[in-house]
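Okay, structure first, notes after.
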Amino acid sequence: MNLIEAFLAEHCFKITGARLVESKQSIPHYYLSVACCVDKMSDLRARINDNRKDGEPKVSVNDFVLKACAVALRKVPEVNSQWAGESIRQMHSVDLSVAVQTERGLITPIVPDADRKTLKEMSAKVRELAQKAKENTLLPAEFMGGTFTVRSHLDKKFRQKRAGQSLVSAVCSLVGLNCC
């Protein structure tokens, strides 16, 4: 009885795997964490969702995290950088890679110019990209080249399930979320 089954890796996961190995082997790493109270954000989210138009999707906690990261990266551009061998490349655009779990594994589609999007635009873009990721229809330009990766593991009470400490693309920063 053969207990091992091999599958050919899809192109996007070959790229993801190569980037993960590259980032873990060649890029300096450090991890920071912070606990934050999100009561006011939760109240704002409830008000936004209560006042949405018919058919308009709800804004998620993750949408707020993405928006906060995008604004922070614009305000502190040194964090929005990539290791490039002998130098550090500071990026001019804020292109957030957002971790999406699919049947085939984790992939990080990119929200381009995230700092220029409203909360609702960010939410709509993430939903669109997540759907394409789950349907396996992302184009390479939609999952290659992000400048910052966001991966949160929040349960319905907004508490951290587990913090991911892996970079999927060769970026210097990853945010894990721990809220109380």
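The values are calculated or read from the model by the stated rules, or taken from the named source; none is laboratory data. Just so it is clear, the structure is predicted and the values come from calculations on it, not from any experiment. These accessible areas exclude ligands, DNA and RNA; they are computed on the full protein's heavy atoms, side chains included. Shrake-Rupley method; radii C 1.70, N 1.55, O 1.52, S 1.80 Å.
Classify the stretch 47-138 as rounded, prolate or oblate from the Cα gyration tensor: take a ≥ b ≥ c as the square roots of its eigenvalues, call it rounded if a/c is under 1.5, otherwise prolate when a/b beats b/c and oblate if not. Oblate shape, in that a/c is at least 1.5 and b/c is the bigger or equal ratio.
The stretch 44-68 and the stretch 108-155 have Cα centres spaced 16 Å apart. Excluding same-chain neighbours fewer than eight residues apart, the aspartates and glutamates reachable from K67 by a Cα-Cα span under 12 Å are D95, D113, D115, E121. Accessible surface of D43, taken over heavy atoms with a 1.4 Å probe and every protein chain present, rounds to 90 Å². Report, in listed order, any pair from K75/K132; K53/K125; K40/K120; K53/K117; K14/K125 with a Cα-Cα distance greater than 23 Å. With Cα atoms farther than 23 Å apart: K75/K132; K14/K125. In this structure the amide hydrogen of M91, modeled in the peptide plane, comes within under 5 Å of the amide hydrogens of S81, Q82, none closer than 5 places in sequence on its chain.
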